[in-house]
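The values are calculated or read from the model by the stated rules, or taken from the named source; none is laboratory data. Since the model is a prediction, treat every value here as computed from it, not as a measurement. Note: ideal-geometry Cβ built from the backbone for every residue, glycine included; neighbour counts use all protein chains shown. Note: accessible area is taken over every heavy atom of the protein model, side chains too, but ligands, DNA and RNA are not part of it. Shrake-Rupley method; radii C 1.70, N 1.55, O 1.52, S 1.80 Å.
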Amino acid sequence: MSMKGHQLLFENSIDINPRTGTIMLHDKRMVLMSVEALGILRRDLIDTIGEERTKGFLMRYGWACGYRDGGTMEEKYAWESKKELLLSGPALHTLEGIVTVDPDIIEIEEDRLYFAGYWRNSFEADEHIAHYGESEQCVCWMLIGYASGFLTRTFGKDVITYEKYCRGKGDPHCYFVAKTVDELDEKHLKDLQYYQSESLQSTLDQVYLEIQQLNEDIIESEKVQNQLTDLLLEDKDIDDTTELIADTLKRSIIIDHFNEIHSSSLYNEEDRAVYEKWIKSRVATTQQDNKWIETFNIKSHHLLLGRMVIIGEEKLNKREKMIIKRALMVFTIQMFHQRKISESKWKKKEDFFDEIIKNKELDEVSLKRHARLFDFNVNETNQIIAIKVSPKEMTEDVLNFLTMKYSNLDIFSKENYIVMILSESYTDDRENFISTIVKMINKKIPKAKVYAGSGRKAEKISLLRKSYHDATRICDFVQLTYPMDSRYATFEEFEPIILFLKGTDQEELISFYHNTIGKLVDYDIENKGTLVITLKSYLDNNGNLQQTAKDLHLSIAGLRYRIERIESLCDIDLKTGAGRFKCQLATRIYFVLKVMNN
């Protein structure tokens, strides 16, 4: 009589002999064992040899059981069809209490098999969750192996089973898919590695070798740790640490912040070009010109101090990563210490500057004595540059960048400004220097807008107070007039207006600008308009409509309408030199007075 899979019944298949204590299923001896015991075995294997090796071990065990059961089913019964023989596997698995199998799809061709279905009440999923919680991968390894072994034996070709869904990783149910090897995609072909013959002894031997290697790595990294500790105790700087790590790893090491190199030790010169090309690409890639680039942040709590960039021929191995972990601790200490020293110096400079600005009676001798904090030549002509940052939260980032870039200049923060003291010997081209600073900040910290102004040249230290006030007023003026873009201006551009304001009756000047552009100012206030800004931009560009429209992001037609409106409100002709001069003087007075009043 032909047999069907669902005809496998427990009472017809099992034979229990109470006298001998044996249990036979299909003439094969069985033993009853709790799933908790299997769960403990699974846990101990994972804790001893690791999850991946346990996965392979249990898949091979399941495969052997499935292959044996497939042979038993094939030999013991005359099956109605190949399909019924294949379906006997799920029936047998359910009968044995391993898992409830609900076949979903089965497609059989001469050399191709596709079999899918549900595994319900999987003891493997239950036990894994009980010991480890939900996993990131499927966990029914014995079931996968059993199905693969059974189907390989009964179908006659190599079949691999995998879980599409698994309760062990948080899915609502376990769902398996079995395919002949030729039908598998590249991802699941990799599962073949788990079926390679490997004894438990060989697995333990491999684990022992790995532990031995780990021990050697720890010893080696401890040696480097001792060298790093000696560097700290000897108060060596960050360059010494960088050189030690580069020599140890035989790789190029670069410590940077905002892509500005703080320290470097190159194993070969070509790595410099690799680093520069990688920086310019602005792509977070791990390879550049056949070199591996790996980065590690140097942080103190949530404060980012810098970044370690490592360039080499190959990826970092475990030993090298252990060394880097120890090196990062030392880099963090050194860079945090440097930061604190800088902050202390900035605070002293701020206090000294407060003394200069608030106390007009300080004599030159006292000022020179205090000026030693700055380490600059008091006999040189100096000039103040003030920088304002928007948003304010990015001021510290800009300050750190500038102090790194210009380590030989005195740079610190005061109130809402970053203050730079520029000596005459440092550069002759002050305007180009300020322009360069603004462009660099825009490139390195694109989210920050900066407004910069330079004060008058101070032949004496006592005149730094005036240079500071000049620079901050001009800085505020730049921000008020061009709030949307990073800009800069120099004292030389404003000197005529500042002197004019100081040497003339303020009320008369206010009356002049009120009579000239007062209605325009009132119109802007009432309507929240920007016609005064439009007028200033138009005058700054010498009446060039195209350049003005570009600066203000307006169309030519829109700008013409605004100019006509301005002429109407001010009752003035901007096409004449006299009209433009009056408006130029009036707008300069208005903005400078506004800055000074603020």
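Sequence neighbours fewer than 8 away in the same chain don't count; with that in mind, list the lysines whose C-alpha is under 28 Å from Lys528.
Reachable lysines: Lys388, Lys392, Lys447, Lys449, Lys519, Lys536, Lys550, Lys575, Lys582, Lys594.
Classify segment 5-198: rounded, prolate or oblate, from the alpha-carbon gyration tensor (a ≥ b ≥ c, eigenvalue square roots; a/c under 1.5 rounded; otherwise prolate if a/b is larger than b/c)?
Here segment 5-198 falls in the oblate category.
Explain nothing, just compute: Karplus ³J(HN,Hα) = 6.51 cos²θ - 1.76 cosθ + 1.60, θ = phi - 60°, for every residue of segment 302-318 in order, whole Hz, x for Gly and Pro.
Along segment 302-318, the couplings run 9, 8, 7, 8, x, 8, 9, 10, 10, 10, x, 6, 9, 5, 5, 8, 4 Hz.
Give me the percent of the accessible area of the chain that comes from carbon and sulfur atoms, probe 1.4 Å, all protein chains in place.
C and S fraction of accessible area: 49 percent.
Tell me, what is the percent relative contact order of the chain, built from C-alpha pairs under 8 Å that lie six or more residues apart?
8
Given labels modelled 7 Å from the Cα in the Cβ direction, how far is it in nm from Ala116 to Lys466?
Label-label distance for Ala116 and Lys466, simple model: 8.6 nm.
Run the numbers for Lys550 and Asn290: contour at 0.36 nm per residue of separation, minus the present Cα-Cα distance, in nm.
89.2 nm
So I have (1) 15, 31, 21, 14, 12, 6, 1, 0; (2) 15, 32, 29, 15, 7, 1; (3) 15, 28, 22, 19, 13, 3, 0, and one of them is P(r) over Cα pairs in 20 Å bins from 0, in percent calculated from this model. Which one is it?
Recomputing P(r) over Cα pairs in 20 Å bins from 0, in percent here gives the entry labelled (3).
Relative to the first principal axis of the alpha-carbon coordinates of the chain, what is the inclination of helix 506-527, with its axis defined by its Cα atoms, in degrees from 0 to 90 and to the nearest 10?
40
Can you give me the accessible area per residue for segment 504-597, using a 1.4 Å probe, in Å²?
Using a 1.4 Å probe on heavy atoms only, each residue of segment 504-597 averages 57 Å².
For segment 170-176, in order, what is each residue's ³J(HN,Hα) by Karplus, 6.51 cos²θ - 1.76 cosθ + 1.60 with θ = phi - 60°, in whole Hz (x at glycine and Pro)?
x, 6, x, 7, 9, 9, 9
In whole Hz, with x marking every Gly and Pro, tabulate ³J(HN,Hα) for segment 154-164 from phi via Karplus 6.51 cos²θ - 1.76 cosθ + 1.60, θ = phi - 60°.
For segment 154-164, the Karplus curve yields 7, 7, x, 9, 4, 10, 10, 10, 9, 8, 7 Hz.
How would you classify segment 504-597 from its alpha-carbon gyration tensor, with a ≥ b ≥ c the square roots of the eigenvalues: rounded for a/c under 1.5, else prolate if a/b is greater than b/c, otherwise oblate?
Here segment 504-597 falls in the prolate category.
Per DSSP H run of at least 4 residues, take -39500 (n - 2.57); add these up for the chain, divide by its residues and hand me the 222 nm value, nearest 500 deg cm²/dmol.
Computed mean residue ellipticity for the chain: -18000 deg cm²/dmol.
What accessible area per residue, rounded to a whole number of Å², is obtained for segment 274-341 using a probe radius of 1.4 Å?
60
So in the chain, which Cys have no other cysteine's beta-carbon sitting under 4.7 angstrom from theirs?
Lacking a cysteine Cβ partner under 4.7 Å: Cys65, Cys140, Cys174, Cys475, Cys570, Cys583.
Once the whole set of protein chains is in place, how much accessible area is left on Met394, using a 1.4 Å probe, in Å² to the nearest 10?
40
Enter the accessible area per residue of segment 5-198 (Å², integer; probe 1.4 Å; all protein chains in place).
Computed with neighbouring chains in place, this is 52 Å² per residue.
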